[in-house]
Structure formats: structure tokens, C-alpha cells
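Before any comments, here is the structure.
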Amino acid sequence: MELFNYFHLFTFVPVVAVGGIFWFERMYRHGAQKRTVYLFLSLVILAAVGVLQTMAWTLRDTLPVDWAQLFVFSTILYYLAFLVLEYAIHVKRIDESFLSQDFTRALKGQIGWFIVAGILGTLIVGLYGTYNTVPSDFPLNLLLNEDQKHSGLLGYDAHMRLLTFFFTIIMVVLCFLAARSLFNLQEGVIRKRGYTFYFQIVVAVAILIHQFSQPVPQDMKAASDQFLPMSWYVILNVIFAVRLVEEFFFWSQYNLRSDRNKLEQRQHVQNLLIRRVISSPEEEEKLIIRETVENSLEKMRARMVVQEYRVTGIMVLRAVGNILRVDDARHIIGYCTPLVDNKNIKNLDKNRLTEILLHTTFDLTELRESLIENIKDFGKKIMKTVMVQKQTEIVSEMPESFKGLQRLFAVVPIFDGNNFVGAMIVFKDSFDKLYPAEKELLNELAENLGTIFSLMSTKAVQRERNRLKGEMDTARNIQTSILPKKIQMEGFTVGSYMQTASEVGGDVYDFIATPFGQYFGIGDVSGHGLPAGMMAVIATSAFHGAIETSRTMKKELKVDELYDIVNRTLCTINRDRIGSDKFMTQNYFIEQKGKITHAGSHLIGLLYHKDRDEIEELTNLQEKTAFLGLSEFVVSNQSLGSFVMNKDDVLILYSDGVIEAKHANGSLFGLQGLKDAFLEVREQSPDDVLAHILERVNKFAEGGDKKKYGGTFADDVSLLIIRKD
């Protein structure tokens, strides 16, 4: 038993330490928010339990503590630790969903149970003090006959067991309420987990049963020796740690992945939207706006827990020249009112309101030149505010004309870069706040509408489509024309291939022979399209410039120095001057007498060893340094590596478009697929190997990516097959 107790007391250290790491990480990232403050408080309470139990155990001979008192303190502190931990987990959702008052009300509803538990706990502690002071005068010997009343020890034990029994019942009730109802504020809002409190119920009841099964002590020494079986509490320490890791690690990782997936999906939807707008006639563009707004409203309704608090009206205004107005009646959805303080609004039907809304305009030149304090008109003042602050303005204190019609309206600005191109006005008739999910979807909608408005304002449909196609074709020709037509590498036979996923690709490979060695490389710009193609062109130019300078100065350029030069060039031109947020994976190589030295970070290379008839994965080609274009302070010498190629060995370099080609069932071609395809024709020439691998990839993705993307892959596809002669 002593060994178990020592083990239990030791578990406080790692549990509090792990919690401290989570707390520090969130404190460092987010500062002293409620979530981090209450997490810290829960760890302090748990540490207090550890200190209390450790003192009681180590000083049990010199400062005996009755089991009932230790049980009371431990039960209350564990309950508080779990309660504060759960609140730390949910406090952000509670605040953002405007449920703070509901939670406070639920907590106050349990105050009676808290008071009873406090009274019983105080009695247990107080009676123990009374008994230790004057055992012969121990009061209230209920449930005992006259003979038993003369036994102070027996009378004390009977009272203590009775009070502890009732105290446990009250704490079981409190734990049950905390597990079932305290955080049950709105279904779907709070991610409830009641198992921490259920485990506390089990542990408390188990300890009570254990103690009640012990014989009644006949003297003070026997009572002191009857110590609380603390090893049961190791279960609660484990459960505390599980809850910590579940919420602050696993759910945190899940949320990060979810946010990344949302971002990728958002970018994909926006790309589809751009394509649709570009290829649509003018009248259909207005329908696209309506459908885009309706889709966002449907998403909002799906994520709303209390449907009566949903958005009840929304209208979209677009800036045409210097006039901001509602373009079409289809852009007014639900019940909307003009932003004018006019008492007659209450007397108008929906058709008349729509007519007024279509004729209401805002002069953007006037708004830009006016100071906010000089604008008297209610609607113009709100619009000027969102133009200046570039964020949503929520109005819940309604003018007199709105009262009884609306509880809230919010003006969401629509920007294309830094250009104000429109606004959305959102109305609610039953609630005066916007939920976080609504704000998120409205911002996403504003971004999509900004894209649509930008395209609408810069094109007559056919002319714009032709112009864009011509520019993209030109960019694609530039992108593909700068690649070497055929790589002539002394001592090697090389096959090369690149196919872009869109008009402009982000993949790039190159080769230059110099007196110091043969340089070659392969890389991939994040995403694809024109920005990716521009970055690829800049990277290629920097590659050639650096090597030509080396050749002119007759000084060998190390491959890691080459990587750093290209990186600084991209940071200066692509990031700082163009303002692009693209980055680039890249490996550079130099071949010198059969030895190949490399630097950079791209993808795992494959090296086929003819003598062993096996493929080696060159894992050092990835994740050894930062990507190109992110920071000019990157130093890539830690990514240096080398390998030797013997006769008939084959080096395979590729872009992720090859291994991420998707089948109709959702599976990826993968690195193993690339290995298998190569091994099937490993004795053939590099060009034949290339043709076979591409045939396999195309067939694999025929019903998947190629069908989905109209005959192309989801990403650019590049391959280099290099055989040692």
C-alpha cells in the first residue's frame, strides 16, 4: 500500500508539468486570455492537492490527520480542479456564443448544493478538532446507546462516518450535475466531456466503501493508523492528464488540420468562382452573386444552434465608378430596410422597401473627402466608418425608425486588395449579436464577392476572357520555353518532362554545365497559375545569373551558396517588390566526377543501384532547410549531402504532382507507385522510362484527377530520369 501511495504522489509531478507546458505554449501564443488563466488556476488547484496529500502522508506519524478530513479536502479540491479545467476548455466558446449569463445562471442553480457540501465539510473538520481537544466531551453522540456514549472514540467514529457519508452523497450530486447539466448550455456549441466527474464519483464512492469496510478503531492510535487509501486518487490524476492531452493536444491538432483544410477548400471554391465568373455573360454574373450569398446564408443556418437568432435579411451593394448601390433586386434577400432614420419605414411594404433600396446610393468621392464627425446622415456615417476602419461595423442600438423592425444590422465592407468595391448589410430581427461562425462566413462571403466584383468591374465578358487567356498563354509559353529542351549531361543520359496543371505552372527544372561541375536542380512553387509561374521564372533567372557569375569570375560556386543566392533574390523581388506570398521547394545538385552534392529542401529522391537492383530513398533531400522565398536569413549549409552514382545507376527526381495524382477511389499514386513503375522498365532508356511512368500515372488518374480537372492533373507534373553511363 505504501508503494502505491508513493507512486500516486509522484504522478502529480508529470501531470502538472505536462499541463504547464500546454499553459506556457498558449500563454506564449495568445497571452493572458481567460482560457490560459483558468488552465493555470486548475493546475494550481491540482498542485495544491498534491502538496496537501504529500504533507499528510509524510507527516502522518508526527502530525496525524484523520482520513475523513483528508477525504473532504481532496474531494473538494479535485472537484474544483476538474471544474476549472472544463471551464478553461469551454470559456472561449461560452463567451463567443454569448452564453456567459447562461453558465452563471447554471452555476448559481447549484449554489445550494455547494453550501450543504461546505457545511458538512466544516462539520467534519470541526468535529475532528473538538475530539482531539477534549475527547471526553465529544458532542452529539447520536445513534449510540448509553454505554456507547461513554466511549468518546466510538462516538466520534460513528458521527464521522455518518457525516462523511452525507458529504459524499452531496459531492456525487455536484459531480453528476457538472457532468450532465452545468456545461449543457446549447446543443452543438459546447463539446461536453463528463467523464472526469464520473470518474471522481467512482473514486469517492470506492474510497468510502473501503473505509467503511474497515473495523471501528478502539483507540486514537488505531484511528490514526487507519489512513486514507490515497492510491485510488491516481485514477483522477490520470484522468486529469487525459483530459489535458485530449483537449490541448489532440483537439488542438485537429483544429489546425481543420483550419488548413478549410483554407484549402476556400481557395478551391474561390478558384472555381473565378473561372465561372470569367466565362459567364453579364446577366449571369448577377445570378452568381445571388447564389453565392444564398450559399453562405445556408451555411450560416446549418451552423446555427438557435435558428430564431439567424440572419433574416442581407443586401449586397456594389461600387460602380464612384457610386455605391444595390445593382439588382436579386441582391436583396429577406427583410431589409434602408439605412435612413425615417419613421415612415414602418408603414412600407416589402415591394416599396425594395424600390427605395434600389434607388438609395452613396457617393464614394463625397464619403472619402468628408470627415466622419461632419457627416450627419445616419447611413452615410456608418458607410464611411467601414471604409476607414476596413472591418465590420455592428449596430445593435437602433435608431427610432428601426425599433420594432430590426434588432441588429451589420455593415460588412468588401475590398479588392485595398480598394473598397462594395458592402453587405446584414439584418437580424430577433437577436442583437453576430455569432463567430456568422462573422467567419460573412468575411469569407465578402472575400468571394470582392473577387466577383473585381472581375465584373474589369471586363466586358468576352473581351476579358480572351485577354486573360491570351496573357495566360503568353505566360505559359514563357514558363515552358525557359526550360532546357534536352539536357546534355556529360557522363549521363537524361530524360526530362514537365506538364502544367493550369495555364501557368509552378514546377521548374534546369541544367548548366561549367568547368567546376554540372549543376542541375528541380523545384516547385506553392500553388500554380500566374503567380507561381512568375516565381519560377525569377528562380530560373537567379539560378542562371549566379552560375554565370561564378563561371565569369572563375570561382566555383558551392551548391548551398547557390541555394542561398536564389533565396535572397526571391525574397527581394518576389516577396518585397511584387508582394507575393508564394514560396518554393527546391533541390540544387552539382555533379563532379560521379559524386553528386546537393542542398535545399524538396521531395525524397529515388536512387536506383544497378549492382544491388534496389531503390534507395534519398530522404536528405527534404526538410533540411527552409523553403525558398520565405526569409533572406536562411542558411542552407545544414542541408548539404552527397551520394555517388556508379555505372547504370539511375536518379529519379520529381514534383509532388506525380505522387499525388489521385485515383477515382481517392487513393494517391504515391512514392511506391513511382518505384513500381520504374522497376518495370528499369533496363530501358531514360526517355522510355519517362514515357512508361507518365503512361502509368495518366492511367491511374484517368477516372480521378484527369476527369475532375478536364484532362489535366490537380498539380504540375515534372520528372527527371538521370542514368549514369
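The values are calculated or read from the model by the stated rules, or taken from the named source; none is laboratory data. Keep in mind that what you see is a predicted model, and the values were worked out from it rather than measured. Virtual Cβ from ideal backbone geometry, glycine too; neighbours counted across all protein chains shown.
Things worth noting here:
- Which numbered condition Val537 misses (of (1) modelled with pLDDT of 90 or more; (2) on the phi < 0 side of the Ramachandran plot): (1)
Let's see how each residue does on (1) of a type outside the set (Phe, Trp, Tyr); (2) outside the structural domain of Tyr435 (by TED's automatic domain parsing); (3) within 27 Å of Glu400 (Cα to Cα):
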{"site": "Glu285", "(1), (2), (3)": "yes, no, no"}
{"site": "Glu291", "(1), (2), (3)": "yes, no, no"}
{"site": "Glu294", "(1), (2), (3)": "yes, no, no"}
{"site": "Lys299", "(1), (2), (3)": "yes, no, no"}
{"site": "Met304", "(1), (2), (3)": "yes, no, no"}
{"site": "Leu324", "(1), (2), (3)": "yes, no, yes"}
{"site": "Asp327", "(1), (2), (3)": "yes, no, no"}
{"site": "Tyr335", "(1), (2), (3)": "no, no, yes"}
{"site": "Pro338", "(1), (2), (3)": "yes, no, yes"}
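- Candidate set: the stretch 501-510, residues that are of a type outside the set (A, V, I, L, M, F, W, C) and within 30 Å of the chain's Cα centre (by Cα); chosen: the one modelled with the lowest pLDDT: Ser502
- Screening the stretch 321-331 for residues that are in contact with a helix residue (DSSP H, G or I) (Cβ under 6 Å, 6 or more places away or on another chain) and not in a helix (DSSP H, G or I) and picking the one that is farthest from Ile288 (Cα to Cα) gives Asn322.
- Within the set Val311, Val316, Val326, Val293, the sole residue that is in contact with a strand residue (DSSP E or B) (Cβ under 7 Å, 6 or more places away or on another chain), buried (at least 17 other Cβ atoms within 10 Å of the Cβ) and without any contact (Cβ under 8 Å) to a residue 40 or more places away in the chain turns out to be Val326.
- Long-range neighbours under 6 Å by Cβ, at least six apart or interchain, first residue assigned by TED's automatic domain parsing to the domain that holds Gln684 and surrounded by 24 or more Cβ atoms within 10 Å (Cβ to Cβ) within the stretch 699-725, second part of a strand (DSSP E or B) and modelled with pLDDT under 90: Asp716/Asp507; Val717/Gln499; Ser718/Met498; Ser718/Asp507
- Filtered residues of the stretch 149-177 (kept if at pLDDT 85 or above and of a type outside the set (S, T, N, Q)): Phe165, Phe166, Phe167, Ile169, Ile170, Met171, Val172, Val173, Leu174, Cys175, Phe176, Leu177
- Identity of the residue in the stretch 471-488, buried (at least 16 other Cβ atoms within 10 Å of the Cβ) and either out of contact with any Leu (no Cβ under 8 Å at 6 or more places or on another chain) or in the same structural domain as Gln592 (by TED's automatic domain parsing) (or both), that ends up modelled with the highest pLDDT: Ile487
- Selection of the stretch 48-69 for residues being surrounded by 19 or more Cβ atoms within 10 Å (Cβ to Cβ), modelled with pLDDT under 85 and part of a helix (DSSP H, G or I) yields Ala56, Trp67, Ala68, Gln69.
- The listed residue being of a type in the set (Gly, Ala, Ser) and either surrounded by 15 or more Cβ atoms within 10 Å (Cβ to Cβ) or without any contact (Cβ under 8 Å) to a residue 24 or more places away in the chain (or both), out of Ser642, Ser631, Ser550: Ser550
- Of the residues making up the stretch 365-376, those that are surrounded by fewer than 17 Cβ atoms within 10 Å (Cβ to Cβ) and more than 19 Å from Ala319 (Cα to Cα) are Leu371, Ile372, Glu373, Asn374, Lys376.
One line per residue, one yes/no per condition, for (1) part of a strand (DSSP E or B); (2) closer than 26 Å to Ala532 by Cβ; (3) not aromatic (Phe, Trp, Tyr):
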position: Lys555; (1), (2), (3): no, no, yes
position: Asp564; (1), (2), (3): no, yes, yes
position: Gln586; (1), (2), (3): yes, yes, yes
position: Thr597; (1), (2), (3): yes, no, yes
position: Leu606; (1), (2), (3): yes, yes, yes
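- In the set Leu468, Leu445, only one residue is outside the structural domain of Val91 (by TED's automatic domain parsing), at pLDDT 90 or above and either surrounded by fewer than 17 Cβ atoms within 10 Å (Cβ to Cβ) or closer than 29 Å to Ala532 by Cα (or both); that residue is Leu445.
- Among (1) in contact (Cβ under 8 Å) with a residue 24 or more places away in the chain; (2) over 28 Å from Ile538 (Cβ atoms); (3) surrounded by 19 or more Cβ atoms within 10 Å (Cβ to Cβ), the one test that Ala677 misses: (1)
- Residue within the stretch 577-591 that is basic (Lys, Arg) and surrounded by fewer than 21 Cβ atoms within 10 Å (Cβ to Cβ) present: yes
- Subset of the stretch 335-364 (residues that are in contact (Cβ under 8 Å) with a residue 60 or more places away in the chain and buried (at least 16 other Cβ atoms within 10 Å of the Cβ)): Cys336, Thr337, Leu339, Val340, Ile345
- Of all residues in the stretch 596-639, those satisfying the criterion of being polar (S, T, N, Q) and farther than 18 Å from Arg575 by Cβ are Thr597, Thr619, Asn620, Gln622, Asn637, Gln638, Ser639.
- Selection status of Val203, out of contact with any Cys (no Cβ under 6 Å at 6 or more places or on another chain), within 23 Å of Leu162 (Cα to Cα), among the hydrophobic types (A, V, I, L, M, F, W, C) and at pLDDT 90 or above: yes
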